[in-house]
Amino acid sequence: MSAPAIQAALQQMQALSTQASGQGAASQPSLAETGGSFAGELQASLGRINQMQQAANQQAMSFQAGDPNVALNDVMIDMQKASVSFDMGVQVRNRLVTAYKEIMGLQV
């Protein structure tokens with residue numbers, strides 16, 4: 001995988017992340033603007049995935065406890081968002097492992 005392809009994939013993941021979180025594309029600074037690294041962005045993405053899962057689980061527990069302010073449809077939507085974000089994280093990890101194996105297999 002070439003550097004431009006990796007950069008394009010990262011930009012696409014950022015756009016999907018902002019779209020999933022309901023933010024505008026203009027409010028999310030790019031990787032070049034923040035001066036961050038790929039590892040930092042990956043760690044931040046994992047943190048957001050974890051936060052989404054914890055929030056969805058907390059909302060589900062509140063619904064089960066009988067909180068009148070929590071609706072079933074909100075719980076289901078948040079659980080699906082957390083599931084989709086986790087699946088995206090797994091796919092990114094799979095792509096990284098594949099790229100690593102490909103690089104390790106190169107003859108120098």
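The values are calculated or read from the model by the stated rules, or taken from the named source; none is laboratory data. Just so it is clear, the structure is predicted and the values come from calculations on it, not from any experiment. Cβ coordinates were reconstructed from backbone atoms using ideal geometry, including for glycine residues, and neighbour counts include every protein chain displayed. When the accessible area is computed, the model is the full protein with side chains, heavy atoms only, and any ligands, DNA or RNA have been set aside. Shrake-Rupley method; radii C 1.70, N 1.55, O 1.52, S 1.80 Å.
Restricting attention to region 80-108 and to residues that are open to solvent by 70 Å² or more (accessible area, probe 1.4 Å) and within 18 Å of the chain's Cα centre (by Cα), the residue that is nearest to residue 7 (Cα to Cα) turns out to be 95. Listed by first and then second residue, the pairs with beta-carbon distance under 9 Å, at least 6 apart or on different chains, first residue in region 35-58 and under 20 Å from residue 75 (Cα atoms), second in a helix (DSSP H, G or I) and modelled with pLDDT under 90, are 48/17; 48/21; 52/20; 52/21. Considering region 12-53, the residues that are surrounded by 12 or more Cβ atoms within 10 Å (Cβ to Cβ) and not in a helix (DSSP H, G or I) include one that is modelled with the lowest pLDDT, namely 28.
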